[in-house]
Amino acid sequence: MGRRRTHDHAAVLRLWRDGLSFGEIALRLRLPRTTVGSIIRAARERGELPAADAVRPDNRLGRPFNLRIDDRRVVRALEREARRRDVSLGTVARRLLATCAQDRLFDAVLDDGGMR
């Protein structure tokens, strides 16, 4: 494997473990999406990554949903944290929501008294 390909392989696996999608990885590394998929598939076959039906490192389960944030200050804060962590904005948002849910921080974060 050449130097560029070795670098691509390591970078793809690192970003996938960080929770980025194939498309996000392809954009970030300027690789074809099919190349990203091939690298992930080969890593799974070698046992470097769990099988496709296993839980992702970011515990991504359930069904996808869209989250629209209209407050530009909130978006900028999320973008800043994403850059600081070298992950996508979506990854930061998923991690934030997952942490709030796992640690049952709804009342502390929402400060709405558990309104119905």
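The values are calculated or read from the model by the stated rules, or taken from the named source; none is laboratory data. If you're wondering where the values come from, they're calculated on a predicted model, not measured in any experiment. Cβ atoms come from the backbone with ideal geometry, glycine included; neighbour counts cover every protein chain shown. All accessible areas refer to the heavy atoms of the entire protein, side chains included, with ligands and DNA or RNA removed. Shrake-Rupley method; radii C 1.70, N 1.55, O 1.52, S 1.80 Å.
Mind listing just one residue for me: the one in region 86-103 that is under 19 Å from ILE25 (Cβ atoms) and in contact (Cβ under 8 Å) with a residue 24 or more places away in the chain and, of those, surrounded by the fewest Cβ atoms within 10 Å (Cβ to Cβ)? Here the answer is ASP86. Looking at region 56-70, which of its residues are open to solvent by 60 Å² or more (accessible area, probe 1.4 Å), at pLDDT below 70 and either charged (D, E, K, R) or closer than 16 Å to LEU20 by Cβ (or both)? Across region 56-70, the qualifying residues are PRO57, ASN59, ARG60, ARG63, PRO64.
Checking each residue in region 83-101 for being of a type in the set (S, T, N, Q) and either modelled with pLDDT of 85 or more or assigned to a helix (DSSP H, G or I) (or both) picks out THR91, THR99. Just one residue in the set ARG73, ARG80 is open to solvent by 80 Å² or more (accessible area, probe 1.4 Å), more than 30 Å from HIS9 (Cβ to Cβ), of a type in the set (Lys, Arg) and at pLDDT 80 or above; that residue is ARG73.
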